[in-house]
Amino acid sequence: LAADATQPDAVAKIFAAKGRPTSHPLIVHLAAIDDVDAWAIHLSDVARKFMRAFWPGPLTLIAKRHPHTLAAVTGGLETVALRVPKHPVALELIAALGRGVAAPSANRFGSVSPTTAAHVAQSLGDAVDLILDGGACEVGVESTIVDVSQVDPLSGPAAVLRPGGVSLQELSRVAGHAVCERQSEAVRAPGQLESHYAPQAPVRLVPKRELLSEAATLSAHGLRVAVLTDDTSLDWPPGVVAISLPADPGQAAQRLYAALREVDQQGCQVALTSLPLPEGMGLAVADRLRKAAGPRS
Ligand code: AMP
Ligand code: MG
């Protein structure tokens, strides 16, 4: 959901359309690595290494903000989130504007992220002026967010705030040391809220071997049950809707949000699924599923 990141009025419209608290910062999307110095200062060697290795691509870097970077974009923080996306349509848009583009996911705050233009139309409808359709998202889950704003011998190494399209293994390889996840003190990223990315129906995490029996029990109680599973051909009990979620973590990430949306579309009252191993893209998929299953306010 894009706006000129140099225009406070335009940025304000993002928060209005999403229904997102204005204290939550946005990611500024740039056309090229060279543009970062207009938005951030004190970029470390490891930050530059990450840019060269992963941009354009699904990696967001949190760095100290440039004095010219709007507080409306950073949520009043002294840091800014920056990324060069890979999609040709996004890159052309940013290059045509000639400025940074603030752009969170194009959905209402707290609900399931969109991965197609149709999802955006369903979620935001008239709240947006124009929908640019560049096809379905290739990665399927949000970018990995890495904090490189405190990279120095005193305050510690780069840390992942949100797992995503670039894995811890890939980051560690490029950094030359282990890059780990860090739970930050304050909730600065919507992706760090306990409940997020959730369909209307409650989501329950169940060990894989118990999926069938749990689905049978709930449907025997008269509930319409969705099961997100890599085994849609299994003989699921009547009243159980099997929704495909591939075992391969990369494919699961790509399908994840469409699968969560299907839970509501199929009129299910509860969704069951099991977590993938937290390795590679499985870490991001497990993170989103845990948040979809998190306690609701
Ligand atoms: P979204 O807009 O939902 O795609 O998510 C973008 C993420 O980047 C959000 O979770 C933001 O809160 C996060 N983010 C942006 N700027 C910062 C920052 N300075 N510190 C921490 N997280 C940030
Ligand atoms: Mg989002």
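The values are calculated or read from the model by the stated rules, or taken from the named source; none is laboratory data. None of the values given here were measured: they were computed from a predicted structure. Here Cβ is always computed from backbone atoms with ideal geometry, including for glycine, and neighbour counts include all displayed protein chains.
Yes/no matrix, rows are residues, columns are (1) closer than 22 Å to GLY164 by Cβ; (2) assigned to a helix (DSSP H, G or I); (3) in contact (Cβ under 8 Å) with a residue 24 or more places away in the chain:
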position	(1), (2), (3)
VAL89	yes, yes, yes
LEU93	yes, yes, yes
ARG99	no, no, yes
ALA106	yes, no, yes
PHE109	yes, no, yes
THR115	yes, no, yes
ASP126	no, yes, no
Next item on the list: Could you please give the count of residues in region 92-126 that are under 13 Å from GLY19 (Cβ atoms), surrounded by fewer than 20 Cβ atoms within 10 Å (Cβ to Cβ) and touching a Leu at 6+ places or on another chain (Cβ under 9 Å)?
Entry: 3
Next item on the list: Run SER149 past the list (1) at pLDDT below 95; (2) within 22 Å of ILE94 (Cα to Cα); (3) surrounded by 15 or more Cβ atoms within 10 Å (Cβ to Cβ) and report the number of the one that doesn't hold.
Entry: (2)
Check: Out of (1) modelled with pLDDT under 95; (2) buried (at least 20 other Cβ atoms within 10 Å of the Cβ); (3) among the small types (Gly, Ala, Ser); (4) away from ligand 2 (no atom under 16 Å from the Cβ), what's the single condition that is false for SER44?
Finding: (2)
Next item on the list: Kindly check whether there is at least one residue in region 56-73 that is within 19 Å of ALA159 (Cα to Cα), over 15 Å from the mean Cα position of the chain (by Cα) and part of a loop (DSSP other than H, G, I, E, B).
Entry: no
Item checked: Within region 88-109, tally of residues that are out of contact with any His (no Cβ under 6 Å at 6 or more places or on another chain) and within 16 Å of ligand 2 (Cβ to nearest atom) -> 8
Notebook entry, point to check: Has region 130-141 got any residue that is under 24 Å from ALA286 (Cα atoms) and surrounded by 23 or more Cβ atoms within 10 Å (Cβ to Cβ)?
Noted result: yes
Next item on the list: Output the strands (runs of 3 or more DSSP E) that fall wholly within region 207-288 and possess 3 or more residues being touching a Gly at 6+ places or on another chain (Cβ under 6 Å), or say none.
Entry: none
Next item on the list: Pairs only if they're at least six apart or on different chains, beta carbon under 8 angstrom, first in region 164-179 and of a type in the set (D, E, K, R), second outside any loop (DSSP other than H, G, I, E, B); list them, first residue then second.
Entry: GLU170/ALA53; GLU170/PHE54
Margin query: Regarding region 58-79, can at least one residue be identified that is away from ligand 1 (no atom under 13 Å from the Cβ), among the aliphatic types (A, V, I, L, M) and either modelled with pLDDT of 95 or more or under 30 Å from VAL263 (Cβ atoms) (or both)?
Written below: no
Margin query: Any residue at all in region 204-217 that's away from ligand 2 (no atom under 15 Å from the Cβ), touching a strand residue (DSSP E or B) at 6+ places or on another chain (Cβ under 9 Å), at pLDDT below 95 and acidic (Asp, Glu)?
Written below: no
Next item on the list: State whether the residues of region 134-148 include one that is closer than 27 Å to SER297 by Cα, within 15 Å of ligand 1 (Cβ to nearest atom) and acidic (Asp, Glu).
Entry: yes
Margin query: Could you check region 238-286 and list, in sequence order, the residues that are at pLDDT 95 or above and acidic (Asp, Glu)?
Written below: ASP248, GLU262, ASP264
Checklist line | Contacts under 8 angstrom Cβ, first residue in region 16-31 being touching a residue at least 24 places away in the same chain (Cβ under 8 Å) and in a loop (DSSP other than H, G, I, E, B), partner within 10 Å of ligand 2 (Cβ to nearest atom) and of a type in the set (Phe, Trp, Tyr), 6 or more apart | finding: GLY19/PHE109; ARG20/PHE109; PRO21/PHE109
Next item on the list: Would you mind stating whether ARG65 is buried (at least 23 other Cβ atoms within 10 Å of the Cβ), free of Cβ contacts under 8 Å to residues at least 40 places away in the same chain and either more than 16 Å from ligand 2 (Cβ to nearest atom) or not polar (S, T, N, Q) (or both)?
Entry: yes
Note to self: Quick test for you: out of VAL160, VAL174, VAL166, pick the one residue that is at pLDDT 95 or above, of a type in the set (Val, Ile, Thr) and part of a helix (DSSP H, G or I).
What the structure shows: VAL174
